[in-house]
Structures are given as structure tokens and as C-alpha cells.
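Engineer: Take a look at the following structure, please.
The values are calculated or read from the model by the stated rules, or taken from the named source; none is laboratory data. Treat the numbers as computed from the prediction; the structure is a model and nothing was measured. Virtual Cβ from ideal backbone geometry, glycine too; neighbours counted across all protein chains shown.
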Amino acid sequence: MKNNIFNFFATIIIAFLLSFVLPWWSVMTAALATSLFIPLKKAAVFFVPFLAILMFWATYSFILSSGNDYTLAKRIAVLLRLGGNPYILMLVTGCIGGLAAGIAAVFGKQFALVAKKR
């Protein structure tokens with residue numbers, strides 16, 4: 001349980017720092033790095049980074065969108081047929097980032113297991 005919490009916050013912090021210098025896939029790099037160095041078990045390997053990045057991206061998009069009264073988010077939500085609801089768009093954004101991070105974390109765990117065998 002301690003590793004889960006530590007991995008969760010480490011993933012958010014590393015993703016936040018990397019987002020200043022790398023594009024959107026920086027969340028994958030953060031999840032991969034934390035899964036290499038902070039071991040998790042079973043389904044937590046996927047779900048801890050997934051939830052961390054889901055919260056990070058949803059919060060980050062909320063903060064960015066609130067600065068312009070959700071104008072752009074509403075327009076994109078219309079284009080994506082989300083009924084013009086910017087909050088659903090933020091949730092979808094978080095889920096996409098979470099999936100990317102979860103898959104990268106599973107890859108990092110598998111890479112760590114292969115490296116450990118050698």
C-alpha cells in the first residue's frame with residue numbers, strides 16, 4: 001500500500017515536471033520511470049499510474065480551461081459530439097492520458113522483470 005501511494009504521487013510530480021519540456025507523451029515517460037523504480041503488484045501496476053494521470057490531466061485541463069471560461073473546451077466538446085459539455089471532455093482527456101500511462105507502466109514493469117532475470 002505504501003508503494004502504491006508513493007508511486008501515485010511520484011508519477012504526478014514527474015509528469016508535471018516533464019510536461020514543461022516534453023509533449024503529451026511525457027506522462028508515459030513518467031509512468032514508465034516510476035514503474036521501473038517503485039515496484040507495484042498485480043493490477044496496481046496499471047491502475048495506479050492510470051488514476052494518477054487521469055487526475056493530473058483532468059485537473060490540468062480544468063485549470064487551463066477555466067482561464068477562458070471554457071470557450072475552447074466547449075467548442076471541442078461539440079466537435080467530438082459530447083453535447084458541448086466541457087467537463088465530459090476533461091474526463092475523456094484524463095482517461096486517454098491514463099490509458100497511455102497505464103500501458104507504459106505495464107511495459108516498464110515487464111522491462112524491469114526481464115532486466116532482473118539477466
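Engineer: Has the stretch 27-43 got at least one residue that is among the aromatic types (Phe, Trp, Tyr) and either over 19 Å from Val106 (Cβ atoms) or surrounded by 14 or more Cβ atoms within 10 Å (Cβ to Cβ) (or both)?
Structural biologist: No, there is no match, as no residue in the stretch 27-43 is among the aromatic types (Phe, Trp, Tyr) and either over 19 Å from Val106 (Cβ atoms) or surrounded by 14 or more Cβ atoms within 10 Å (Cβ to Cβ) (or both).
Engineer: Same structure again: Does Leu64 meet the test of being at negative phi and either at pLDDT below 95 or surrounded by 15 or more Cβ atoms within 10 Å (Cβ to Cβ) (or both)? Talk me through it step by step, then tell me what you get.
Structural biologist: Working: at negative phi: yes; either at pLDDT below 95 or surrounded by 15 or more Cβ atoms within 10 Å (Cβ to Cβ) (or both): yes.
So Leu64 fits the description; yes.
Engineer: Same structure again: When both residues are 6+ apart or on different chains and their Cβ atoms are under 6 Å apart, which pairs have a first residue that lies in the stretch 40-66 and is in a helix (DSSP H, G or I), and a second that is among the hydroxyl-bearing types (Ser, Thr, Tyr) and buried (at least 17 other Cβ atoms within 10 Å of the Cβ)?
Structural biologist: Partner pairs satisfying both residue conditions: Pro49/Thr11; Ala52/Thr11; Trp57/Thr93; Ser61/Thr93.
Engineer: Which residues, taken from the stretch 69-87, are part of a loop (DSSP other than H, G, I, E, B) and either among the charged types (D, E, K, R) or buried (at least 17 other Cβ atoms within 10 Å of the Cβ) (or both)? Steps first, please.
Structural biologist: Of all residues in the stretch 69-87, those part of a loop (DSSP other than H, G, I, E, B) come to 69-70, 80-85.
Asp69, Tyr70, Arg81, Leu82, listed by residue number.
Engineer: Then there's this: Exactly one of (1) modelled with pLDDT under 95; (2) surrounded by 16 or more Cβ atoms within 10 Å (Cβ to Cβ) is unmet by Phe56. Its number?
Structural biologist: Of the numbered conditions (1) modelled with pLDDT under 95; (2) surrounded by 16 or more Cβ atoms within 10 Å (Cβ to Cβ), the odd one out for Phe56 is (1).
Engineer: Suppose the filter is surrounded by 13 or more Cβ atoms within 10 Å (Cβ to Cβ), part of a helix (DSSP H, G or I) and touching a Pro at 6+ places or on another chain (Cβ under 6 Å); does Ala100 pass it?
Structural biologist: On the way: surrounded by 13 or more Cβ atoms within 10 Å (Cβ to Cβ): yes; part of a helix (DSSP H, G or I): yes; touching a Pro at 6+ places or on another chain (Cβ under 6 Å): no.
Criteria not met by Ala100.
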